[in-house]
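Here the structure is laid out as structure tokens; the discussion comes afterwards.
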């Protein structure tokens with residue numbers, strides 16, 4: 001009977017993750033941590049499996065560390081404060097030397113990001129099986145179109161002017177849900193291995209969609225990008241492998257590799273957007289392939305004293321050659337005017353985490369995370385819809401063992417404001433005398449529930 005109840009609980013939680021809303025993220029477009037414990041420790045945990053959710057995200061070898069049965073559920077309330085500003089010479093008939101400039105804030109609300117995981121250690125303690133559903137990455141903005149100035153000198157944000165002079169309204173919503181079926185193996189008492197199969201579900205909507213071929217009218221020299229506002233979903237697949245080694249009287253070493261997550265292309269049914277063409281409003285379709293980059297990481301942990309655990313991780317993200325993020329040497333646009341990709345650079349992140357236990361029922365957590373910025377400054381305009389540019393994050397949390405089988409953890413993290421500035425791009429390249437600036441900072445609060453059963457099921 002317990003097994004049936006557990007199965008039902010797992011299915012309900014996994015199905016609930018299907019509605020993960022958009023979120024900007026902190027290491028590129030990834031959340032820096034998953035779950036309250038892992039996030040409070042700055043995302044560190046490749047070598048120190050303190051949280052089941054963090055282990056699913058970082059290193060499946062760590063599953064061996066957990067008790068007979070463990071379940072964790074975390075809910076994150078995430079808020080990103082985003083703005084875009086731009087300046088450009090005013091087009092005729094404005095007087096020569098007139099500059100248009102302005103700034104616009106995106107709608108900012110707290111959005112929920114759930115995560116759920118369950119693991120079961122087989123009776124001989126050599127193998128642990130696990131299943132998790134994790135909302136792990138995303139980005140999104142919602143900028144209203146800027147009104148055409150009624151008179152010279154009126155404030156206006158030129159990048160948001162209606163097409164074809166600007167983008168008009170800019171809206172994006174990308175979410176990534178990872179379902180991981182994992183296994184940890186105790187090769188020896190001190191050497192553990194892990195493997196996971198990831199099945200991913202991503203959704204994407206973008207207004208306007210610059211990756212589509214624009215509707216160009218040579219007679220009026222106007223080009224309009226269609227809308228991909230109707231959200232499309234795509235499935236992807238990948239894998240993860242890891243190891244964890246306990247160095248007696250020194251600490252713990254861990255390493256992991258997560259493959260690129262290979263996705264089917266997103267596809268949209270839209271319509272022709274150029275009102276100067278006879279096919280205006282007629283149906284058209286287009287697609288865009290957006291994979292998730294491979295990640296390699298390593299970490300080291302030290303149990304400094306029985307009441308204090310220190311952890312440090314290094315991760316490297318391979319954006320540059322990932323479909324949807326890569327661009328050709330010729331520039332971000334294809335010859336037909338469509339966007340080739342976001343043009344993100346490979347990045348690294350460094351995470352430091354601490355767990356202190358001043359009392360046998362209380363755990364205190366703190367962390368710091370630094371992430372390199374994947375968005376080159378000169379491509380700021382290309383990434384108005386995906387400004388994943390924050391770098392410095394601090395976090396802390398507190399956990400309470402309410403009973404021997406139940407723990408609750410609360411956490412908070414803040415990603416400090418960062419900006420990136422570059423030129424406005426035209427069909428032939430950057431336009432002199434123009435600029436676009438993206439600005440982003442983030443806040444998040446998390447609550448996690450953990451259930452432990454050390455007995456037989």
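Neighbour counts of other C-beta atoms within 10 Å: give me 231, 220 arranged from fewest to most.
The fewest-first ordering by Cβ neighbours comes to 220, 231.
Measure off 7 Å from each Cα along the Cα-to-Cβ vector at residue 221 and residue 296, then give the distance between these two points in nanometres to one decimal.
For residue 221 paired with residue 296, the spin-label model returns 4.9 nm.
May I ask you to compute the full-extension gain from residue 188 to residue 269, defined as 0.36 nm times their residue separation minus their alpha-carbon distance, rounded to one decimal in nm?
Once the chain is fully extended between residue 188 and residue 269, it gains 23.7 nm.
Please check which bits of region 335-354 a label hung off residue 318 would reach, taking the label as a point 7 Å along Cα-to-C-beta and the cut-off as backbone N under 20 Å.
Answer for this model: 341-350.
Report the residues of region 224-242 in range of a label on residue 165: point 7 Å along Cα→C-beta, backbone N strictly under 11 Å from it.
Once the point is set 7 Å along Cα→Cβ of residue 165, nothing inside region 224-242 turns out to lie under 11 Å by backbone N.
Taking Cα atoms, how many degrees apart are the long axis of helix 2-16 and the longest axis of the chain, rounded to 10 and kept between 0 and 90?
Long axis of 2-16 versus the principal axis of the chain: about 20 degrees.
How long are the semi-axes of the ellipsoid equivalent to region 2-453, from square roots of 5 times the Cα gyration tensor eigenvalues, in whole Å, largest first?
Its equivalent ellipsoid spans semi-axes of 45, 22, 19 Å.
I'd like to compare 61-71, 273-283, 198-208, 178-188: which one has the highest average count of other Cβ atoms within 10 Å, and what's the full order after that?
Working: 61-71: 23.4, 273-283: 13.8, 198-208: 21.3, 178-188: 19.4.
Sorting 61-71, 273-283, 198-208, 178-188 by mean packing, highest first, produces 61-71, 198-208, 178-188, 273-283.
Highest mean first, what order results for 426-434, 402-410 on Cβ atoms within 10 Å?
402-410, 426-434
Using a Förster distance of 22 Å, how high is the FRET efficiency between residue 334 and residue 372, based on the Cβ-Cβ distance and rounded to 0.05? Can you show the working numbers first?
Details: r = 27 Å, r/R0 = 1.23.
Computed FRET efficiency for residue 334 and residue 372: 0.20.
With a Förster radius of 45 Å, plug the Cβ-Cβ distance of residue 416 and residue 197 into 1/(1 + (r/R0)^6) and report the FRET value to the nearest 0.05.
0.80
For the chain, what is the calculated [θ] at 222 nm in deg cm²/dmol (nearest 500), taking -39500 (n - 2.57) for each run of four or more DSSP H residues and dividing by its residue count?
After summing the helix terms and dividing by the residues of the chain, the value is -1500 deg cm²/dmol.
What does the highest-first list of 116-125, 373-382 look like by mean Cβ count within 10 Å?
373-382, 116-125
Modelling each spin label as a point 7 Å along the Cα-to-Cβ direction, I'd like the residue 239/residue 276 distance in nm, to one decimal.
Roughly 5.3 nm, to one decimal.
Multiply the residue separation of residue 126 and residue 400 by 0.36 nm, subtract the distance between their alpha-carbon atoms, and state the gained length in nm to one decimal.
95.7 nm
For an R0 of 22 angstrom, estimate the FRET efficiency from the Cβ-Cβ distance between residue 451 and residue 359 and round to the nearest 0.05.
Taking R0 as 22 Å, the efficiency between residue 451 and residue 359 is 0.60.
To the nearest Å, what is the center-to-center distance of region 166-236 and region 307-322, using C-alpha atoms only?
22
Computed from the coordinates by the stated procedures, all read-outs in this text should not be read as laboratory data. Computed from a prediction, not measured in an experiment: that's the story for all the values here. FYI the Cβ positions are ideal-geometry reconstructions off the backbone, even for glycines, and counts take in every protein chain you see.
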